[in-house]
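The values are calculated or read from the model by the stated rules, or taken from the named source; none is laboratory data. Note that the structure is predicted; figures quoted are calculated from it, not measured. Neighbour counts run over all protein chains shown; Cβ positions are idealised from the backbone, glycine included. These area figures cover heavy atoms from the full protein model, side chains too; ligands, DNA and RNA do not enter into them. Shrake-Rupley method; radii C 1.70, N 1.55, O 1.52, S 1.80 Å.
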Amino acid sequence: MNDPTQPTTVRVFIALAPPDPAKKELARTLRPAYDTHPHMRWNRIEDWHITLAFLGELPAGAVSLLRPPLADLAADHRPLSLALRGSGTFDDRVLWSGIDGDLDELQMLAADVRTAVKNCGVAFEDRPLRPHLTLARARRGDRSSAGEIAERLAKFTGRQWPAECLHLVGSNAGRSRGPIHYRDIEAWSFGGHKNLHGS
C-alpha cells in the first residue's frame with residue numbers, strides 16, 4: 001500500500017561537493033557581500049555543489065535504478081583535484097564561482113554520469129556542462145547586484161582540494177515557498193565501492 005506521506009516524485013541531481021575548508025575560504029571572501037547585498041537570495045553554504053547532471057523531477061522509484069550504476073561508476077574513477085576560482089553571472093541574476101583544476105577529467109566524469117543515467121532509461125535535459133558553484137540569485141528586476149559581487153570575486157583563487165565522492169542529491173524545490181534545501185540521497189567514494197551514506 002502506498003504511503004500518502006511519502007512524495008511520489010523527487011527532484012534529483014548528481015554532483016560533486018567542495019570540502020568544508022574550501023567552502024569556508026570562499027565564504028570568508030564573500031562575507032562583505034552578505035552585508036552589502038542582504039537582498040540577494042544566498043544559497044546555504046552547506047548546499048554548495050557542482051552539478052554534473054540535473055535530472056529534474058523523477059518518480060521516486062527511479063532513484064533506486066540509479067544507485068548501482070552510479071556506485072560502479074564512482075568505483076571506476078579516481079578523485080579529481082579541483083579549486084574554486086573567479087566568479088561570474090548567468091543572465092545578470094545568478095552569481096556563481098568558477099571551477100579550476102582537472103577540468104578535462106571533470107568533463108569526462110560528467111559524460112560518464114550522463115551515459116549511466118540514460119542507460120537506466122531516465123530522460124533528462126542534457127545541457128553542456130559549465131562547471132560552477134551557484135552562490136546566490138538576485139531578485140527579479142535587480143540587474144546589477146550579482147555583477148557587482150562577481151567583479152569583487154573575479155580574482156579569487158581558492159586552495160586545491162580533492163573531489164573524492166559522487167553525490168546523488170534530492171531537493172525540496174517546488175514543494176514549499178521557503179528556501180531550497182538539498183540532502184544527499186546517497187554518496188559513493190571514488191576508487192571504491194564504499195557507500196558513504198544514504199537514506
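Here are some notes:
- About its Cα centre, the chain has a charge dipole of approximately 680 debye under the convention of +1 per Lys or Arg Cβ and -1 per Asp or Glu Cβ, with nothing else charged.
- Heavy-atom surface analysis with a 1.4 Å probe gives segment 32-117 a carbon and sulfur content of 54 percent of its accessible area.
- Listed residues 21, 36, 87: farthest to the positive end of the dipole of the chain (Cβ charges): 36
- What you get for segment 36-138, charging only the Cβ of Lys and Arg (+1) and of Asp and Glu (-1), is a dipole of about 300 debye around the Cα centre.
- Restricting attention to the chain, the count of lysine pairs at 8 or more positions apart or across chains with alpha carbons under 26 Å apart stands at 4.
- Computed [θ] at 222 nm, deg cm²/dmol, the chain (DSSP H ≥ 4; -39,500 (n - 2.57); rounded to nearest 500): -10000 deg cm²/dmol
- Span-like helix ranges in the chain, DSSP H, alpha carbon extent 18 angstrom or more, Kyte mean at least 0.0: 60-76, 103-119
- Accessible-area ranking of 90, 54, largest first, probe 1.4 Å: 54, 90
- Per residue value of the accessible surface for segment 47-114 (all protein chains in place, 1.4 Å probe), Å²: 40 Å²
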